[in-house]
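Here is the structure we will look at.
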Amino acid sequence: MNIKKVCLPICAVTIALILGISIWSVTNQKVFGSDITANNADNLESFAALQVEKSDLQDKLGPNSIYPEFRINVEEENLLDKSQAEAISETENELLEKEALYWYATNHGIQLSEEETQQRIEAAITDAKTAENYDEVAEACKAAGTTFEATMRENKETYKKEYIINDLYNAKLATFNEGEKQLSEERLSAWEAYWDDFVKTTVSEYKKTKNFAILDKAISKNKVLIQKDITDIDRVKASDISVFNKLNY
C-alpha cells in the first residue's frame, strides 16, 4: 500500500481521487498518469460512468449494501488491465483494510459529523475546480450523464470514511515525526515501514471482531456474484447481505 499520497492536499493529487476512486490507488500512472490528458480521456470517461453506476446500484440496494462499492471497485481495477481474479483480490484487500482502519479510527476518537463531512466535500469541490484538468473532468462527467459535483455529493459516506482514515494517518504521522509536518528523506522509509506494520496489525485485530465476521460473509457473497457475472438486480438482492447497519463502530 502506497499511502504517501494521503498527506497531499486534494488539489495536488490526481483528479481521480475527487471522483471517488479509492485513496489507496489514485496515483496509478497506467490509467490516469500525473494529469488527465487526451491519452487517458477514455479511461476518465469510463471511470465517471462507473460512479453513475455505483450511485444507481446503491439507490436500488440501499445504503447498507457493500455490493455497489465492491462491484464498481472491481471494475475500476479492470481499468488497470487487471484480470478478474486480480481485480477481485485487490478489491477485497482494499475494502478490508479500509474497514479495519475506519474501525480503529472511530474507536480511538477520530470522527466527523455529517456537517463536517459536507464541509470537507464542498471544500474539495471548490479546490478541484482550480485544477488545470478540471474541464476534462467536467466533460467526462457530462458524457457519463452526471456532473462533477454529483460524483462527490452522492458518495458522501464513502468520503466520510476516507476523510476519517486520512485524519488517522495524519495523526499517526504527526506522532511518528514528533510534530513536524513533513518527513525528511531519511525518515520516509522508516515511516512507510511503520505505517505498513500498523495497517497489518490493525487488520489482524479487526479480523477478531464481529464486524469482520459480518463483512467477510458479505464479501464472499459478492465475490460469487461477480465471478458468475450476475448483474440482474433481483438476483443480486436475493443474495445480498445488509452490512453497514450491523457494524459496531
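The values are calculated or read from the model by the stated rules, or taken from the named source; none is laboratory data. These numbers come from a predicted model, not from an experiment. When we count neighbours, we look across all protein chains shown, and the Cβ atoms used for this are built from the backbone with ideal geometry, even at glycine. SASA here: full protein model, heavy atoms, side chains in, ligands and nucleic acids out. Shrake-Rupley method; radii C 1.70, N 1.55, O 1.52, S 1.80 Å.
In sequence order, the range 162-176 has phi-based couplings of 6, 5, 5, 5, 4, 5, 4, 4, 5, 5, 5, 5, 4, 5, 4 Hz under the Karplus curve 6.51 cos²θ - 1.76 cosθ + 1.60, θ = phi - 60°, and Gly or Pro positions carry x.
Heavy atoms of the protein chains alone define the surface here; on that basis the range 130-170 has 44 Å² accessible area per residue at 1.4 Å probe size.
Were the residues from K129 through D196 laid out at 0.36 nm apart, the gain over their Cα-Cα distance would be 20.8 nm. In this simple spin-label model, placing a label point 7 Å from the Cα along the Cα-to-Cβ direction at both A213 and T175 gives a separation of 2.9 nm.
Per-atom-type breakdown for the range 45-125 gives carbon and sulfur 45% of the accessible area (1.4 Å probe, protein chains only).
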